[in-house]
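Each remark here refers to the structure printed beneath this line.
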Amino acid sequence: MAGKKTGSGESSDFRKVKQRGGRRDLEALRDRRMRAAEMFAAGRRQIDVAVELEVSQQTASRWHRQWTEGGHEALEGAGRAGRRPRLDDAQIEAIREELLKGPQAHGFTTGVWTLGRVTIVIERLTGVTYGPTQTWTILRTRLGWSRQRPARRAVERDEDAIVAWRENEWPRIKK
């Protein structure tokens, strides 16, 4: 991201923070705060930081207060956005292994996974209760699974009779 020239002769790559796929670029946000910390350490005023980094005066003031109280570390940030997941990677891997065993290994009558069944297995393994939407999110984002639907075929289906009907009856009816 090319920045514009600022009054100090430096190019400002810390101005507008791009968003990746609808999410904030946390690394760019952190870099901008670290640049502010460097400027404060060099004796620059809050208004200079606000102008050069193109942030509000309130933001520059908040950063200055945090920097004064805790130094560079205070402006590091949390490193991630949003709530922390309730299941760690080891638990997710254990869930994957259990789901690969199939529904019947967990006492279900058919060999089809449903969100309700997956929710039950997750709760049995981890003690964490999820709703169907959260369960689907775990399957899709953390396990990389996609929705599958079984082919609906009658058990009584006679493939030979179907082929014979297509070859003999269908052409006669089609006329």
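Rounded to the nearest 0.05, what FRET efficiency do Trp165 and Trp145 have when you use their Cβ-Cβ distance and R0 = 41 Å? Efficiency, rounded to the nearest 0.05: 0.60.
Here percent of Cα pairs over 22 Å apart was computed from the coordinates, and among [x] 66; [y] 51; [z] 36 the match is [x]. Per-residue ellipticity at 222 nm computed for the chain from its helices equals -16000 deg cm²/dmol, with DSSP H segments shorter than 4 residues left out and the rest contributing -39,500 (n - 2.57).
The C-alpha atoms of the chain define a longest principal axis, and helix 57-74 lies at about 90 degrees to it. A 1.4 Å probe run over the chain, with the rest of the protein chains in place, finds 72 Å² accessible per residue. Normalising the average separation of contacting C-alpha pairs (under 8 angstrom, six or more residues apart) by the number of residues puts the relative contact order of the chain at 12 percent.
Largest GNM mean-square fluctuation among Ile120, Ile47, Ile162, using the chain with Cα springs under 10 Å: Ile162. A Cβ-based charge dipole, computed about the Cα centre of the chain with Lys and Arg at +1 and Asp and Glu at -1, lands at about 700 debye. With only the Cα atoms considered, the range 118-174 has a convex hull volume of 163 Å³ per residue.
The values are calculated or read from the model by the stated rules, or taken from the named source; none is laboratory data. The shown structure was predicted, so the numbers you read here are calculated from the model rather than taken from an experiment. Cβ coordinates were reconstructed from backbone atoms using ideal geometry, including for glycine residues, and neighbour counts include every protein chain displayed. These area figures cover heavy atoms from the full protein model, side chains too; ligands, DNA and RNA do not enter into them. Shrake-Rupley method; radii C 1.70, N 1.55, O 1.52, S 1.80 Å.
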